[in-house]
Amino acid sequence: MRLRLRLAAVAGLALAGLSGCSALGIGGSPGASPSGLPQPSYLVPATRGMVTPTPRTAAPALATTGGNWLKILTSLSAYGQWLVGNPNPALVGNVATPGCAMSGLLTRQLLGLLEGNAYVQTSPAVISSVVGPSPAPAGGQVILDVVAARPAEPVVSRASGAPTISTFTAFPATNLQVTLDRGTDGKWRFCTVEARTDSGAPDDPSVPLI
């Protein structure tokens, strides 16, 4: 399977170069992926300790069981957006399977935000089409064909009166292949989100749907 770690089918947000994206606030340089999709462009000096701030808002409820794929993807994306608005890497496992590319991408984003004492002013992803099996498969994994887009999202410092630091670059409506894993709790989580034009190379980046 493309861009999936060779570790385990059911894993979470690990930190290696799983996604191929630059680590936000940790190093590397942002830019376009091999598929032509823009990647997050948030780089800040790592000058602060990893203190998890008090959430600014309550986390949205997750609705990630069953086989209503649009509802599940919308819920996963909304919770992921809440996370980048209220960074806490310890909660990544609620929406992404440990060891999978989306786990690595989201974790690195959150670590960068914590290091920069920053958060994202989010804009919901627009999921215009989802095609998947019906009913939901009995097994622990499903692959969905999805068309989705996301507006640009400012990255803002928590310091009083500080300006926007950078931005999570927008991406246009794109045909995606989304792999979800179902945990032992019966809940679906992101594993990979890839453009269907992806070459399948191990270093191809995940699409920043969140």
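All of the numbers you see were taken from the coordinates with simple rules; none came from a lab. The structure presented is a predicted model; accordingly, all values stated were derived computationally and were not measured. Cβ placement follows ideal geometry from the backbone for every residue including glycine, while neighbour counts extend to all protein chains displayed.
Structure values in brief
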| quantity | calculated |
| --- | --- |
| The stretch 82-155 - Rg (one decimal) and Dmax (whole number), Cα, Å | 14.7, 44 |
| Burial ordering of VAL126, VAL120, fewest other beta-carbon atoms within 10 Å first | VAL126, VAL120 |
| Shape metrics for the stretch 50-96, restricted to C-alpha atoms - Rg then Dmax, Å | 11.4, 37 |
| Amide H contacts of ALA96 (H built 1.01 Å from N, under 5 Å, at least 5 apart or other chain) | PHE190 |
| Sparse-neighbourhood loop sites, chymotrypsin sites (Phe, Trp or Tyr not before Pro) in the stretch 104-192 - DSSP loop, at most 15 other Cβ within 10 angstrom | none |
| Pair-distance profile P(r), taking every C-alpha pair of the stretch 69-195, with 5 angstrom steps and integer % | 2, 11, 19, 23, 20, 12, 7, 3, 2, 0, 0 |
| Cα centroid of the stretch 65-109 to Cα centroid of the stretch 157-184, whole Å | 10 |
| Amide hydrogen neighbours beyond the local backbone of PHE171, cut-off 5 Å, H modeled | ARG150 |
